[in-house]
Every structure is written in C-alpha cells, then in structure tokens.
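The values are calculated or read from the model by the stated rules, or taken from the named source; none is laboratory data. Just so you know, these numbers come straight off a predicted model, no measurement behind them. Positions of Cβ are generated from backbone atoms using ideal geometry, with glycine treated the same way; all protein chains shown enter the neighbour counts.
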Amino acid sequence: MVNQEKTDIGFTLDDFAALLDKYDYHFSPGDIVAGTVFSLEPRGALIDIGAKTAAYIPIQEMSINRIDNPDEVLQSNETREFFILTDENEDGQLTLSIRRIEYMRAWERVRQLQAEDATVRSNVFATNRGGALVRIEGLRGFIPGSHISTRKPKEDLVGEDLPLKFLEVDEDRNRLVLSHRRALVERKMNRLEVGEVVVGAVRGLKPYGAFIDIGGVSGLLHISEISHDHIDTPHSVFNVNDEVKVMIIDLDAERGRISLSTKQLEPEPGDMVKNPSVVYEKAEEMAAKYRERMFQQSQPQEEEIPDAIEEGEVEVEEAVATAE
C-alpha cells in the first residue's frame, strides 16, 4: 500500500490579490461600462463597476448641462452606463463620466438632424459682438449676426425661442453653427412661388442692388433686375423704407436666397426709372404674362416632320404593299 502524504494548502492574502489580478477586468479610458451607484457624496458619487476599488464620478462629469447636486442625475443603487475618463490614480481609483456619453450622442444626433435638413428651435441664452448663443441637444451653438433675421437688437434676443437651420456641424473642431435667417427663408419659401408678386420694403441699398424685406425675410433685387434701362446705382431709383412691389424670379432654399425683379414687371422698358407707379399698378398683369412665358418655355417642343419626308414614307409603304 502506497502511503499518501497530506498536503497543507495555505492561501495567503498575497495569493488572493494575485488571483484578483488574474481575473480582474481591464478598464481603459474611453470604454463605456455598466456601473451601480454605490454612494452619493456632496460633489460626486462612488460607482461600482466591478473593479477592485469603487470608481468616482465628479459632479461636473454627471451631465452635459450644469447641475448643483448629484441627486439631480443619480440615485442610490441605480445602474447605468458610464464612460471611463482616466486611468487609475495612485489609490487604484478610476474617474468616470456621464457627460462624455451625452456629448458623443448629442453630436451624433445633430449630425442626423443636419443630414435630414431639419429645422430645430432653441432659446437664446447669451449674445456677443459676433452673434447669439443657443443650446442644441445640450451642445453650445452659435448664430452669426449675419444669420439673425430680426429687427430687434441682438441683446433683446436673450430668452427668445428661434427656429434654426444647421450651417456647420464639426465635432472635431467643436463647431456648431446655425442660421435663423435660413429657417425663416425656408418657411417663407414654402408659401412663395416663382412668378409671384409680393409687397416689400427697402431695407438696404448697395452698389449691386437693393435688399427688400418681404414678410420678415430679405430678398435681393439685383441692379440688373431693376429696369431694362441702364442704372448707375440703386440709390437713383429707391430710398430706404420705400414700399415696393417686386416679383420673385428665383427661390434657392438650400442657400436661403430669394431673387427679385421689377424689370420683368415693366409694361414698357424704362418705366421703373421714369414712372414706377405704372409698374406697380400693372404688376400682377405683367407677372401673369411672365408666368405664361415661363410655362411655354418649359413645355417640350414637338418636332415638325418635313412634307418631303412624310411623302417619302408614304411612297415606301406603297412600294412594300405592291411587292407583297
């Protein structure tokens, strides 16, 4: 019979630590992991994510929006996703973030909205010399002054809700640029048609044309579309705040531009310079003629078959019939 020695197996704390290291999950910055709220603290929270030491999330990383207390976002024993922000510190503790997850998903959402060419609404929370600031999906967006369509001073826009279109969505450069003007133009464009006569007011005069306000949006009456007669400057025909009748000759929704004309409304070439009241009086009549011309030009032209060809075809058909 073979004697079997009893082996005393000792399991020390070092052995236990080594075993933990062997089977411990490896956490890296940038990972998204599930965690359970272990303890809420005044300026943060401890989160159990399965690591040897509870991870920590500071209050500034709890939301894309400003919060004052952790319990506005987290509840004890709640389980949710967390973003690993930094490696373990000297105490073996990881730093977590919810804000980063919200930030990534917000950019994904605004890219989708831009691809859909969606109109969004947002409240102006501040203005500066260059324009106005809003928040879209929690992200800070900027409206350049040239894309704000209102007669109010910029400072008076704070607290106002505006319809907006996306101009630029660039997560890498952290640039989210929007346009109030484009949103208004698009909405207005949905109710406008090329060939339609509208009443507007002259809001600005430039060497190349006049800017006409038509119901809150601006259209350009280019100098070449004022009259059939040569004009040196729009100032020779218009003054700021003049009320005018103009016809829409182009709508560019993508660029947010409306092109106008009084030239096409002239009963006689040069009337806009010599007698504008006649142009305004007969504007609808001249616009109807313009629309008719445009309609005729858009119709496919039927090709006329020369008589000789028609006769030749008849002769060929007769010859085939005789041969049969």
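Condition (residue is surrounded by fewer than 18 Cβ atoms within 10 Å (Cβ to Cβ), in a loop (DSSP other than H, G, I, E, B), modelled with pLDDT of 85 or more and on the phi < 0 side of the Ramachandran plot) applied to the range 11-27: is it met by at least one residue?
Going through the range 11-27, the residues surrounded by fewer than 18 Cβ atoms within 10 Å (Cβ to Cβ) turn out to be 11-27.
Then keep just the ones that are in a loop (DSSP other than H, G, I, E, B); that gives 11-12, 24-27.
Among the residues that remain, those that are also modelled with pLDDT of 85 or more are: none.
The answer is no, given that none of the residues of the range 11-27 is surrounded by fewer than 18 Cβ atoms within 10 Å (Cβ to Cβ), in a loop (DSSP other than H, G, I, E, B), modelled with pLDDT of 85 or more and on the phi < 0 side of the Ramachandran plot.
Within the range 230-279, being assigned to a loop (DSSP other than H, G, I, E, B) and of a type in the set (A, V, I, L, M) holds for Ile231, Val237, Val240, Ala253. Output yes when any residue across the range 261-269 is modelled with pLDDT of 95 or more and of a type in the set (Ser, Thr, Tyr), and no when none is. Yes, the range 261-269 has at least one match.
Checking Ala183 against (1) part of a strand (DSSP E or B); (2) surrounded by 18 or more Cβ atoms within 10 Å (Cβ to Cβ): exactly one of these is not met. Which one? All conditions pass for Ala183, except number (1).
Could you look through the range 71-130, keep only residues that are assigned to a strand (DSSP E or B) and under 30 Å from Ile143 (Cα atoms), and pick out the one that is farthest from the chain's Cα centre (by Cα)?
Narrowing the range 71-130 to residues assigned to a strand (DSSP E or B): 79-86, 95-97, 120-123, 126-128.
Cutting the leftovers down to under 30 Å from Ile143 (Cα atoms) gives us 97, 120-123, 126-128.
Values: Ser97: 28, Val120: 8, Arg121: 11, Ser122: 12, Asn123: 15, Ala126: 19, Thr127: 19, Asn128: 21 Å.
For the range 71-130, the residue satisfying everything is Ser97.
Looking at the structure I just gave you, is Leu176 part of a strand (DSSP E or B), modelled with pLDDT of 95 or more and farther than 30 Å from Glu102 by Cα? So Leu176 does not fit the description; no.
Reported count of residues in the range 197-229, each being at positive phi, outside any strand (DSSP E or B) and over 28 Å from the mean Cα position of the chain (by Cα), is 0. Taking Val194, is it in contact (Cβ under 8 Å) with a residue 60 or more places away in the chain, under 23 Å from the mean Cα position of the chain (by Cα) and not in a strand (DSSP E or B)? So Val194 does not fit the description; no. Residue count for the range 42-67 satisfying the condition of being among the charged types (D, E, K, R) and assigned to a loop (DSSP other than H, G, I, E, B): 3. Candidates are the residues of the range 48-66 that are closer than 22 Å to Ala106 by Cβ and surrounded by 13 or more Cβ atoms within 10 Å (Cβ to Cβ); the one that is nearest to the chain's Cα centre (by Cα) is Ile64.
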